[in-house]
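Presented below is the structure to which this report refers.
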Amino acid sequence: MSAPAAALLPLDDDEYWADPYPVLAELRDVHRTAVTPDGVKAVLRWQDAEEIKRRPEFINEGLEYIEARGFKPGDPLYEWRRWSIGARNGEDHRRLRKLVSRALTPRSVERVRPIVRGQVRDLLERHADSGFDVRQ
């Protein structure tokens with residue numbers, strides 16, 4: 001019996017972004033991973049992601065991931081990614097993760113959720129007439 005064909009995660013489809021949850025649920029029923037249009041493998045199931053992130057051989061894709069897509073130093077995305085935990089590996093990643101994991105417990109996140117929602121609502125209302133696009 002052969003394995004199911006690789007699933008495509010349609011990140012370039014606006015209909016997917018309008019309501020991705022049914023698509024993700026259907027993919028998870030059959031596949032553990034999917035491939036994005038630009039060839040990145042995505043883990044679909046929470047349990048698999050939890051297992052993978054605990055393995056020492058797992059590494060984050062650093063700046064080379066966005067450099068391969070044409071971003072360079074000085075570009076806003078590059079500069080943001082440069083300082084993110086996701087671009088770090090090894091001891092540097094573990095040190096930063098340990099620092100933020102204490103602050104980002106489910107309980108602490110729930111405490112600030114109303115504050116963040118209020119700030120987002122204020123920003124959206126303040127800029128509603130500027131002609132920007134928003135995705136939920």
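Rounded, prolate or oblate: which fits the stretch 19-136 when a ≥ b ≥ c are the square roots of the eigenvalues of the alpha-carbon gyration tensor, with rounded for a/c under 1.5 and prolate only if a/b beats b/c? Rounded, because the longest to shortest axis ratio a/c is under 1.5.
Annotation for LYS72 and ARG107: the two label points, set 7 Å from Cα along the Cα-Cβ direction, are 4.9 nm apart.
Would you please classify the overall shape of the stretch 1-77 from the alpha carbon gyration tensor, given that a ≥ b ≥ c denote the square roots of the eigenvalues, rounded means a/c under 1.5, and beyond that prolate means a/b larger than b/c while oblate covers the rest? Present the calculation step by step, with values, prior to reporting the outcome.
On the way: a/c = 2.03, a/b = 1.31, b/c = 1.55.
Because a/c hits 1.5 or more and a/b fails to exceed b/c, the stretch 1-77 counts as oblate.
What FRET efficiency comes out for LEU8 versus ASP133 if R0 is 25 angstrom and r is the Cβ-Cβ distance? Round to the nearest 0.05.
After rounding, the FRET efficiency stands at 0.55.
Counting only residues at least eight positions apart within a chain, or on another chain, the aspartates and glutamates with an alpha carbon under 19 Å from that of LYS72 are ASP38, GLU61, GLU64.
What separates the Cα centres of the stretch 67-95 and the stretch 98-133 is a distance of 22 Å. Helix-only arithmetic for the chain: the sum of -39500 (n - 2.57) across DSSP H runs with n ≥ 4, divided by the residue total, places the mean residue ellipticity at 222 nm at -15500 deg cm²/dmol.
A simple spin-label model places the labels of ALA42 and ASP122 3.3 nm from each other, with each point 7 Å out along Cα-to-Cβ.
If you put +1 on each Lys and Arg Cβ and -1 on each Asp and Glu Cβ, how big is the dipole of the chain around its Cα centre, in Debye rounded to 20? Please list the in-between numbers first.
On the way: 24 positive and 24 negative charges, 220 e Å.
Dipole of the chain, to the nearest 20 debye: 1060 debye.
The mean sequence separation of alpha-carbon pairs under 8 Å and at least six residues apart, normalised by the residue count of the stretch 1-58, gives a relative contact order of 31 percent.
Projecting label points 7 angstrom from Cα along Cα→Cβ for ASN89 and GLU50 puts them 2.6 nm apart.
Could you tell me which of ALA68, VAL120, ALA103 has its Cα farthest along the dipole of the stretch 41-136 towards the positive end, charges placed at Cβ (Lys, Arg +1; Asp, Glu -1), taken about the Cα centre? Checked the options; the winner is ALA103.
FYI, it's all coordinate maths here, none of it is from the lab. Nothing here was measured: the structure is a model prediction, and the numbers come from that model. Positions of Cβ are backbone-derived with ideal geometry, glycine not excepted, and every protein chain shown enters the neighbour counts.
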